[in-house]
1. (1) within 22 Å of the chain's Cα centre (by Cα); (2) crowded, with 16+ Cβ neighbours inside 10 Å; (3) farther than 30 Å from residue A:298 by Cβ: which one isn't true of residue A:192, the others all being true?
2. Take the residues in region B:525-539 that are over 17 Å from the mean Cα position of the chain (by Cα) and surrounded by fewer than 24 Cβ atoms within 10 Å (Cβ to Cβ); name whichever of them is nearest to residue B:586 (Cα to Cα).
3. Of everything in region B:364-398 that's free of Cβ contacts under 8 Å to residues at least 40 places away in the same chain and closer than 30 Å to residue B:493 by Cα, which residue is surrounded by the most Cβ atoms within 10 Å (Cβ to Cβ)?
4. Filter region B:106-140 down to residues that are closer than 17 Å to residue B:174 by Cα and surrounded by 14 or more Cβ atoms within 10 Å (Cβ to Cβ), then give me how many there are.
5. Select the strands (runs of 3 or more DSSP E) contained entirely in region B:180-287, then report the ones holding at least 1 residues which are touching a residue at least 60 places away in the same chain (Cβ under 8 Å), more than 14 Å from chain A (Cβ to nearest Cβ) and in contact with a helix residue (DSSP H, G or I) (Cβ under 6 Å, 6 or more places away or on another chain).
6. Failed condition for residue B:490, given (1) more than 14 Å from chain A (Cβ to nearest Cβ); (2) in contact with a strand residue (DSSP E or B) (Cβ under 7 Å, 6 or more places away or on another chain); (3) surrounded by 19 or more Cβ atoms within 10 Å (Cβ to Cβ), with all others met?
7. All but one of (1) touching a strand residue (DSSP E or B) at 6+ places or on another chain (Cβ under 7 Å); (2) farther than 23 Å from residue B:494 by Cβ; (3) surrounded by 19 or more Cβ atoms within 10 Å (Cβ to Cβ) hold for residue B:36; which doesn't?
């Protein structure tokens, strides 16, 4: 034995209960419902919060696109075909005038065989706000002519240019949002319902149901997506009304998207079913329905909503791709994809690049949904 | 060992060490003024409960603190460099070359989870030789030779095959051996063992502890043993430091501390550990006792207690997952021919190691699983009735009589329900009372387990493990059951909290006249709780006897090994680690206990009143 070491005893007073009291802030935290905890956690994700605000604004405005768009969806302007975007100016000859545009003078370049629009910078044409403009019928119920923004009296305001029929791109994009943004929601609703039911059955019942669902999912996932979309859309009868086609397309998108969600539901259910609190509920004698409703669904719903949010972009892109190829929605129904359909022609794109502008809202929406989904996914389990 | 000695007694000298962590709610001081020295060639034990800072100390020594942690002061002087010099680890950058030269070479570490500390995609041989090839200039062949020699030493029968074995092919104990080989390949002078046997069964634990001690003697290596188990400390340590909330409470030699504990925390800890040979009626003293609200005790029922639960010959096999049309599925027997009776107001302990079938029995008894064969009868006051095949309606009615307390306090409470919702749920399911009455009952229950009415509106994540376990017990009591199955209720808890929960269970039993089926791998805990004990191995009951009888006169070799393998706190009775031999397979048991391969025959034989032992086929043949 080497030299004995001293027997050390900590002289500080000993309080076994030290550090067990709880501050008011902690008390508030521990009494907060899980929804509130999710919100608190989500709030810290700046980008997701921004995306939520953006998407929220977009969806809130959807019922009022008629009011927001300066022109109607189908208003043609024969003398302004393929007009480039009109710039908004504030100063005329050094004087502040407020937002205004210059009128276009149409010229035909006989040398290049091109249309040319020249700004007539002699007179400013102030834009009008909160004004009366083109009449429309809101929700098929009210006749109105109120707009947020109208072209100058006697002038035009094609802020994003016009297409081959002289229709205002900005107005058409605004109207297109209505279709493009709802396609995702309706599609995800279908996919959600299917995924929840089939994934839920597979996860909860297990056995041969599980086996069957899994094999179906594998087969569906092995199908090449784009050709299948094309085939299915091509199979939609040509005589269907545009509205029916719209629902047909969302149905196709939803039908092909559910496997991802079903797998997520199944995996989550399998892991939740092994949790002791579910077994505790079984041992109490709780019915299967009660276990699903009170224990399983609340515990995986937040995860599921996050994954659903992350699959909305695929829907929007899917619709856009189909419509771009001319196999999705057809005019007169207007979506961003339908608008981009006009940009299929390379010559048109080089001459009239503003036809590609509908890509910007598509990208913004898809990014926003991705950020939102990321934020939701991170916040979905506030107890981790 | 040809170590150039500096003449110092210490190998590692820690002075005034502080570590703090940056968290979302501000800095947290995880370690304050830690001061101790690890002597060369000896074992130094850091003892403490969760959150005491013992693992943080090890991480600081290894230079492996998490990214949000940093050393706030003090020194960690290490006198074991290859050139014999000294170095202050606290001043080395964790990623510096000097630190990397120490880590894995001079200081090695083994962890609690042998599965996650070995890479699943590399062979064991690969991982063991890797360390050697990093730190020395050994060739591939030299490293392989060294690894095989070490594999042989740590107890692998075929060292050559181990070079090509993957970790998932090994059992937990074998993996820990591989981990030890990996740690020792470079001949470290200090081995840090962080809860090396916590994930293992007691018999395996005894073997691993034995191995560590032998290797230490052979190599003159110092061991820093980090553990929460005072029994292991008593078995292994030369010197001890006891930690609590980041501070050392008491330190000294094993004799000083265990014979003469002076700090109130160590004293409390020692009184909280269940030991063998406790006096009848002796009570554990937890750090914080729970006082039950005063109510008259349940009147003791006159005469011999009746049987509430009677189980005869139950068996259960599981079938691994396979395609639905696959005809031939290999049955894996989990429980074979188990029978027992549970008397009213008494506790039956079921002891066994992992895979012994004890939890399966518990689940069959609660009818969470249906047995393949056998009969379960239960008495709700109107005589024993068969509950093996109940229709759903009667099964639900039966459920209120038997409730379950789970092992894992974190998964047993629904995180999205308030405590009140959790406690009223059983009443809602059984339509007992009005909503107001249910809430009143929830308040009664929460007070019954020593918590406060204020806690009802909180969610489970705000409670500590012990508090959650008490909420789980309150839920089990909601329907006033007569039997509660406790499935390892304290194995996830610290010892001081364990004592609190065990005492609470005993108090509730006395007050409410409950019967417990108490399942545990910890023989000392079962000893403290049970009136009768049933020892299980490989799905069979090998011995069943009254508590005192089982410990004073065990008959079955497996029971004997199990008792011998528990590290006890009694300093004059340190664990005989060598005694824990390999008698884990029924085929290896000596006659007349040996149970041969299929068709195995065995039977329980009453060797004394109420004392049953399982004998093997040869013995039964001789009797018949």
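1. (3)
2. If we take residues in region B:525-539 being over 17 Å from the mean Cα position of the chain (by Cα) and surrounded by fewer than 24 Cβ atoms within 10 Å (Cβ to Cβ), then B:538 is nearest to residue B:586 (Cα to Cα).
3. Here the residue is B:367.
4. The number of residues fulfilling the criteria is 15.
5. B:190-194, B:222-227
6. (2)
7. (2)
Here's the yes/no breakdown for (1) without any contact (Cβ under 8 Å) to a residue 12 or more places away in the chain; (2) over 22 Å from residue A:282 (Cβ atoms):
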residue: A:169; (1), (2): no, yes
residue: A:186; (1), (2): no, yes
residue: A:201; (1), (2): no, no
residue: A:204; (1), (2): no, no
residue: A:211; (1), (2): yes, yes
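The values are calculated or read from the model by the stated rules, or taken from the named source; none is laboratory data. This structure is a prediction, so every number in the text was calculated from the model and none was measured. A quick note on method: Cβ atoms are made from the backbone with ideal geometry, for glycine too, and the neighbour counts reach across all protein chains shown.
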